[in-house]
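Student: Quick one: this structure, given as structure tokens, is what I'll be asking you about.
The values are calculated or read from the model by the stated rules, or taken from the named source; none is laboratory data. Treat the numbers as computed from the prediction; the structure is a model and nothing was measured. Calculation scope for accessible area: heavy atoms of the full protein, side chains included, ligands and nucleic acids excluded. Shrake-Rupley method; radii C 1.70, N 1.55, O 1.52, S 1.80 Å.
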Amino acid sequence: MKFALAQLKKNAYKEPFTFTDTEDVSELEVMNNDIRHIGEVEVQGTCFFQEDNVIFSLRIFGEMVLPCARTLVDVRYPFDIQTEEIFTTSLYRTEDEIDAEIHPIEGAVLDLTPLIKENILLEVPYRVFSDEMNSQADCITEGKGWQFISEEKNANTIDERFKKLETLFKDNDKNK
């Protein structure tokens, strides 16, 4: 989502400039994170000038698919992010402006896409759980070198390494 600085000065200098657009952030799927699927997100925003600063008030919303922490099934996670991003056209920045994360504008085009992606990545929760009752049926129960065994099934089986010890219990029962 790019804006020409000249266009912003023309449209947002006297009164706030509002916009609504969609942004494709599917690139986030291939990054090293838990996002399995994310398509286009909707971005609504207002832009206005204040001295040398260009202030964007953004609302980013959409839906991402994340793995369930228990069963690894897909969980749809809707998000709605409110953020304010400040850019400056000034060549001279104080340390307060650097600490306040005021972004410098380089060139004649202002690109919001990296900031949109950053805010979405900050919104990814540590873990999510599936609410569906049938998620147990959809979960992965076997993989390369492992398989899921329930407690009931495990209680009825005897480990092959301890099979010989079972004879000691039988002999003990006969002596009584």
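Student: So what's the projected area for the stretch 1-60, the Cα convex hull averaged over all directions, in nm²?
Tutor: Its average projected convex-hull area is 4.9 nm².
Student: Grab the Cα-Cα distance for Asp34 and Lys10, subtract it from 0.36 nm times how many residues apart they are, and report the gain in nm with one decimal.
Tutor: 4.5 nm
Student: In Å², and per residue, what accessible area does the stretch 1-91 have when probed at 1.4 Å with the other protein chains present?
Tutor: Per residue, the stretch 1-91 has 58 Å² of solvent-accessible surface.
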